[in-house]
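The values are calculated or read from the model by the stated rules, or taken from the named source; none is laboratory data. What you see is a predicted model; the values in this text were computed from it and never measured. Heads up, the Cβs are rebuilt from the backbone with ideal geometry, glycines too, and the neighbour counts pull from every protein chain shown. Remember, those area values only see protein heavy atoms, side chains included, never the ligands or the DNA or RNA. Shrake-Rupley method; radii C 1.70, N 1.55, O 1.52, S 1.80 Å.
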Amino acid sequence: MSKAIIIYSTRAGQTKAIGELVAEGLRIAAVDVTMADVKDIKKEGDLAGYDAYVFGSATYHGDMINTMKTFLFLAEKADLEGKVGGSFGAFGWSGEAPDRIYDTMKNIYKMNMVSGSLRLKSSYLSGGIAMAQDYGKEIAAKIGA
């Protein structure tokens with residue numbers, strides 16, 4: 001069974017909720033999923049053993065949350081090149097964080113990314129549930145699950 005890890009940084013809980021919906025999509029496709037708050041990842045070894053990596057952060061004042069920025073420096077040491085990846089996040093106004101995470105994963109880590117980042121204002125608005133679950137299914141398809 002393929003394994004994926006979803007790591008999120010959230011302010012008000014909405015990014016975590018979106019991550020849980022992405023996890024549902026992965027599970028529907030028979031992928032074993034681990035969810036983790038970014039604060040719980042202490043060393044690059046915590047990232048070992050997964051087939052797919054999905055990182056999410058809320059956008060706050062036009063940027064990702066600082067704990068996610070710090071985590072991305074740690075993740076750079078984890079040798080994720082060629083691994084399947086995706087990014088997501090909640091936002092109120094602008095929504096830059098998921099795209100910045102996506103670009104880091106694709107261009108710095110050299111990961112095998114899905115079609116784009118998932119940006120939602122909320123998990124329950126404008127079809128957000130289906131969009132997040134479909135994103136999980138897209139990641140699962142990319143790892144061959």
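Could you please give the count of residues in the range 114-145 that are closer than 23 Å to LYS77 by Cβ and open to solvent by 20 Å² or more (accessible area, probe 1.4 Å)?
Final tally of qualifying residues: 2.
Can you say whether GLY116 is in a loop (DSSP other than H, G, I, E, B) and either in contact with a helix residue (DSSP H, G or I) (Cβ under 6 Å, 6 or more places away or on another chain) or within 17 Å of GLY25 (Cα to Cα) (or both), as far as the supplied structure shows? Walk me through how you get there before you give the answer.
Details: in a loop (DSSP other than H, G, I, E, B): yes; either in contact with a helix residue (DSSP H, G or I) (Cβ under 6 Å, 6 or more places away or on another chain) or within 17 Å of GLY25 (Cα to Cα) (or both): yes.
Judged against the criteria, GLY116 is a match.
So which strands (runs of 3 or more DSSP E) stay within the range 1-96 end to end and still have 2 or more residues that are in contact (Cβ under 8 Å) with a residue 12 or more places away in the chain and open to solvent by 50 Å² or more (accessible area, probe 1.4 Å)?
Hits in the range 1-96: 32-37.
Here are some conditions: (1) free of Cβ contacts under 8 Å to residues at least 24 places away in the same chain; (2) out of contact with any Ser or Thr (no Cβ under 8 Å at 6 or more places or on another chain); (3) open to solvent by less than 50 Å² (accessible area, probe 1.4 Å). TYR102 meets all but one. Which one does it not meet?
Condition (2) is where TYR102 drops out.
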